[in-house]
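Q: Here it is: the structure, laid out below.
The values are calculated or read from the model by the stated rules, or taken from the named source; none is laboratory data. The structure displayed is predicted, hence computed values, not measured ones. Counting neighbours? That spans all protein chains shown, and the Cβs are built from the backbone with ideal geometry, glycine included.
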Amino acid sequence: MKIAFFDAHGFEKAIFEKANQDFHHDISFFEARLTAKTANLATGYPCVCAFVNDNLNDKTLESLAAGGTRLIALRSAGFNHVDLTAAHRLGLKVVRVPEYSPHAVAEHAVALILTLNRKIHRAYNRVREGNFSLDGLVGFDLKAKTVGVIGTGRIGSVLAKIMRGFECEVIAYDLVQNPELIELGVRYLSLEELLKKSDIISLHVPLTPQTRYLINEKALSLTKSKVMLINTSRGALIETRALIQALKSGHVGQAGLDVYEEEEGLFFTDLSDQILQDDQLARLLTFPNVLLTSHQAFLTEEALAKIALVTLQNILDFKNGKNLLNEVHAQTHLIK
Ligand code: NAD
């Protein structure tokens, strides 16, 4: 099938080309992000393959449908960047990769926790400059600390298990309780209780109208002083303005962010020779106790290989008129 592959990056191209040796799709890689302005690149392509920072709003989808596109193959788990109602109205099918490696993302959350706590990011720079002082690098034992996991689906449950391995007390909040975690000693609490009790809070719910700004000024006011906040899910779960205030006042002790609410157009791109225009992001980058990564939690060899395999299989299933196992329906939006 002819595929217009948007927002193509070096880290994924070779992996898709290799996986495609078994599928024989006709892939055109476009570096451009998919937006209403670039959608015309896909004219004549029945399939468009999109990534997390492509913008599939109604205008983009209308343009794609007019150009003959019938399938949107997301090479991501999250689908908050797609207007599913518009896709449904236009007769566009949407498929995704619901699970590729929950371990990749959960392990990145752990990397953020350990790095922030033991200040490895600062130690790395210091030592390279011949500064062997330890002042300002004091961390804390993770053992017996309380970790609050918000969202215990695929990724959150892996994180909960890893943190139990560190002998942390793990508490959780989700609409649905996971019995396997309860068996391991994880306690489900209300969101408010979790916010009040946690030393570390890690976010693993999808971005939906219900979860947007879940961590806002009010939620932050309930958290323990010096709480560590980790977000590897979606940027807009946190109201950045409120987080910056809480960091400035010292109430939030540390923040590890793999995602940012305005990351579209910034993350995944080398902007090192440009002036950063986003003042909130620029402010976040000034805090020594904030660690930002550029939406890379998924970035392991295993995850990339599975993303390529499942995406190309989703497309083949569509081409062959098979049942689409990984289809995203408009109503999924209400529960995800
Ligand atoms: P999942 O669907 O397996 O789990 C999500 C959990 O959130 C479910 O248990 C669900 O019940 C719960 N939930 C949904 N809405 C809720 C609400 N309003 N209140 C409380 N709980 C709610 O998803 P997952 O595979 O664990 O992924 C979680 C998120 O991680 C994805 O939606 C995506 O945004 C993000 N993600 C990020 C990266 C990255 O590279 N940073 C990679 C993959 C996924």
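Q: Pick out, from segment 260-336, the helices (runs of 4 or more DSSP H) lying fully within it that include 3 or more residues that are buried (at least 17 other Cβ atoms within 10 Å of the Cβ) and within 14 Å of the ligand (Cβ to nearest atom).
A: The helices (runs of 4 or more DSSP H) meeting that bar are 301-319.
Q: Condition test on Asp199, is it closer than 29 Å to Ser221 by Cβ and loosely packed, with under 14 Cβ neighbours inside 10 Å?
A: no
Q: Next question, about the same structure. Filter segment 225-236 down to the residues that are in a helix (DSSP H, G or I) and within 19 Å of Asp199 (Cα to Cα) and list them by number.
A: The answer is none; no residue qualifies.
Q: Moving on. Among the residues in segment 54-72, are any surrounded by fewer than 16 Cβ atoms within 10 Å (Cβ to Cβ), over 29 Å from Tyr260 (Cβ atoms) and touching a residue at least 40 places away in the same chain (Cβ under 8 Å)?
A: No: segment 54-72 contains no residue that is surrounded by fewer than 16 Cβ atoms within 10 Å (Cβ to Cβ), over 29 Å from Tyr260 (Cβ atoms) and touching a residue at least 40 places away in the same chain (Cβ under 8 Å).
Q: Name the residues in segment 202-221 that are within 13 Å of the ligand (Cβ to nearest atom) and either of a type outside the set (A, V, I, L, M, F, W, C) or in a loop (DSSP other than H, G, I, E, B) (or both), would you?
A: Ser202, His204, Val205, Pro206, Leu207, Thr208, Pro209, Gln210, Thr211, Arg212, Tyr213, Leu214
Q: Additional query: Would you be able to tell me the number of residues in segment 6-33 that are in a loop (DSSP other than H, G, I, E, B) and either surrounded by fewer than 17 Cβ atoms within 10 Å (Cβ to Cβ) or touching a strand residue (DSSP E or B) at 6+ places or on another chain (Cβ under 8 Å) (or both)?
A: 9
Q: Return a yes/no flag: does segment 237-251 have any residue that is under 22 Å from Arg154 (Cα atoms) and within 11 Å of the ligand (Cβ to nearest atom).
A: yes
Q: What are the residue pairs meeting all of these: first residue in segment 75-88, first residue in contact (Cβ under 8 Å) with a residue 40 or more places away in the chain, second residue among the polar types (S, T, N, Q), Cβ atoms under 6 Å, and 6 or more apart or on different chains?
A: Arg75/Thr311
Q: When you go through (1) more than 16 Å from the ligand (Cβ to nearest atom); (2) aliphatic (A, V, I, L, M); (3) in the same structural domain as Glu12 (by TED's automatic domain parsing) one by one for Leu114, which number turns out not to apply?
A: Every condition holds for Leu114 apart from (3).
Q: So, in segment 160-181, exactly how many residues are near the ligand (Cβ under 9 Å from one of its atoms) and crowded, with 20+ Cβ neighbours inside 10 Å?
A: Residues flagged as near the ligand (Cβ under 9 Å from one of its atoms) and crowded, with 20+ Cβ neighbours inside 10 Å within segment 160-181 amount to 1.
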